[in-house]
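Colleague: First the structure, then my questions, so here it is.
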Amino acid sequence: MINDKILLRTVGLSFSILVASVFHSCKTDPGNADDPPGNKPNIIIITADDLGWSDLACYGSDLHKTPHLDKLADQSMKFTNAYAAAPVCTPTRASIMTGKYPARLHMTIWREWATNQQFDQLLLPPDAEENLPYEEETIAEVLKAAGYFTVHIGKWHIGDAANYPELHGFDVNTGSTLWGCPPSFFYPYRGEIYDSERYVAGLEVDTDGDYFTSRDGEYLTDRLTDEALKIIDDAGNRPLFLNMSYYTVHTPIEGKPAMVDKFSSRIREGMLHRNADYAAMVNSLDENVGRILKMIDELGQTENTLLIFLSDNGGLTMEWAGRVVTSNSPLRSGKGSLYEGGVRIPMMIRYPGIIKPGSVCGQAVSTIDIYPTILQILGIDEPEKSSGPDGVSILPLLKDPTTPLNRKYLFWHYPHYYVPITSPVSAIRQGDWKLLEYFEDRHVELYNLKDDPGEKLDLSQRFPGKAWELQKVLDNWRTDMNAQLPVENPAFQGE
Ligand SMILES: [Ca+2]
């Protein structure tokens, strides 16, 4: 058996040399003060799964320790009103890849539940798309055509094996599955969860040939980073697009034992966050983001890398293994809901030379904006607007967070159930106003997020004109999107 340390040292050394040559060869001209630092900067999107609004220390957690992400926030623009395009995984991920609203794509729910969801509920949800249609031009396809080496690592969840990342513009894919979560965060990442037998593709074979045994205790979040650090040396002379998609901190809620013990001893009555396994998962996420940042730094590529860190929906407020997973306080509700706790996400963007370190942006932005922002940075024209992308470039905000964004409304559409969190609902935000419209009884709720970020006081009766106006705009938007709607359930038995 090859000595692990020698192997790791050898791989690490050759990897560092190779990556250094890759990055040096793709470095571009610094440009003038008004332009991005390189014509083709490396682009890294790090997506955490289900990471809640309050889950990072720099966003207010009282238990979780996130020193690397806190440091990243100090180097980045931190967004305080960033939104996932949907309250669950699949649609938000589709929005990142296409810049389009999930309603337009008909990808409005996680793919395992996209069809035939007939519960004893008042409404029947529509059958949604399970797979990202081939005709969609993903950001990976755009970047590949622009000369990028495109790498996807980790959670995919917007297609089955016939729709994996390789078929949507990625040169390399490691660790994807069609499912939303692994059966376990511990090697060999195989087993049953949610009534299905699952595995994580591409991670099965141990490099020293000791299949399934020599990696005992290995943790998926660490492993995905290992894979990312190794695979980049295939980049050749091309600039890098890395879509780093961690499964953490999605269920199953499993932390590394030593970290769980550490956080268990720190939990006190009255704390916002009180789940030690979850705290350990957040800690592992932080450590691994730190490893990626360290690598970029050591290679001298920090200045030439656009780095986006975000979550795909709000934190899970339900229980796992008998314990509440997390809290998005002061925001209302969590994953699955169109209240702020379900869709407002931590997001930070680092782009030296353009973004002032430690800056904060309070304007409402969305995951649909990432695609057009990258296009504008690279000077690539957007496709025809009639079919999207629906987002707008936020490059002007990255240069100056007070620049007014040329957009009046943001929309969400979730025509499904997520019991007990929500029934089918759409929502619209205009400035500080937010309106939710529930399909079961068509009632609306109106909130002023500036005065009431926790959405406690429904103002729809006090401001009926504003509620009517926003409901009308929302209805027109659904028509424009050809949004799928729930219908009456003839089999509903009632209670
Ligand atoms: Ca998610």
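Colleague: Within the chain, which is the longest segment containing none of the trypsin sites (Lys or Arg not before Pro) that sit in a DSSP loop and have at most 11 other Cβ atoms within 10 Å?
Modeller: 1-267
Colleague: Tell me the mean residue ellipticity at 222 nm calculated for the chain from its helices only (DSSP H runs of n ≥ 4, each -39500 (n - 2.57), averaged over every residue, nearest 500).
Modeller: Result for the chain: -8000 deg cm²/dmol, rounded to the nearest 500.
Colleague: I would also like to ask the following. Say each of ARG266 and TYR134 gets a label point 7 Å from the Cα, pointing the same way as Cα to Cβ; how far apart are those two points in nm?
Modeller: Using points 7 Å along Cα→Cβ, the separation is 4.9 nm.
Colleague: How many nm is it between the label spots at GLN461 and ASN476, if each spot is 7 Å from the Cα in line with the beta carbon?
Modeller: It is 2.9 nm.
Colleague: A further question follows. For LYS456, give me every one of the lysines with a C-alpha distance below 17 angstrom, ignoring sequence neighbours fewer than eight places off in its own chain.
Modeller: Candidates past the 8-residue exclusion: LYS434.
Colleague: While we're looking at this one, here's another question. If amide H atoms are built 1.01 Å from N in the plane of the peptide, which residues on other chains or at least 5 residues away come under 5 Å of the amide H of SER366?
Modeller: Amide H neighbours of SER366: TYR83.
Colleague: Okay, next question. Relative to the present Cα-Cα distance, how much length would full extension add between ASP160 and ASP400 at 0.36 nm per residue of separation?
Modeller: Working it through step by step, the gained length comes to 82.4 nm.
Colleague: If you average the sequence gap of Cα pairs under 8 Å that are 6 or more apart and divide by the length of the range 4-408, what percent do you get for the contact order?
Modeller: In percent, rounded to a whole number, it is 28.
Colleague: Could you state the angle between the C-alpha long axis of helix 220-231 and the longest principal axis of the C-alpha atoms of the chain, as a value from 0 to 90 degrees rounded to the nearest 10?
Modeller: So the inclination is approximately 60 degrees.
Colleague: I want to check the label-to-label distance for LEU167 and ASP74. Put each point 7 Å from Cα in the C-beta direction and report it in nm to one decimal.
Modeller: 4.6
Colleague: Pop the C-beta distance of ARG323 and TYR199 into the FRET formula with R0 = 30 Å and round what comes out to the nearest 0.05.
Modeller: Approximately 0.70, to the nearest 0.05.
Colleague: Tell me which residues come under 5 Å, amide H to amide H, from ALA48 once H is placed; ignore anything under 5 positions away on its chain.
Modeller: Result for ALA48 returns LEU310, SER311, ASP312.
Colleague: Sort HIS106, HIS68 from largest to smallest accessible area, using a 1.4 Å probe on the heavy atoms of the protein chains.
Modeller: HIS68, HIS106
The values are calculated or read from the model by the stated rules, or taken from the named source; none is laboratory data. Predicted model, so just to flag it, every value in this text is computed and none were measured. All Cβ positions, glycine included, derive from the backbone under ideal geometry; neighbour counts span all protein chains shown. These accessible areas exclude ligands, DNA and RNA; they are computed on the full protein's heavy atoms, side chains included. Shrake-Rupley method; radii C 1.70, N 1.55, O 1.52, S 1.80 Å.
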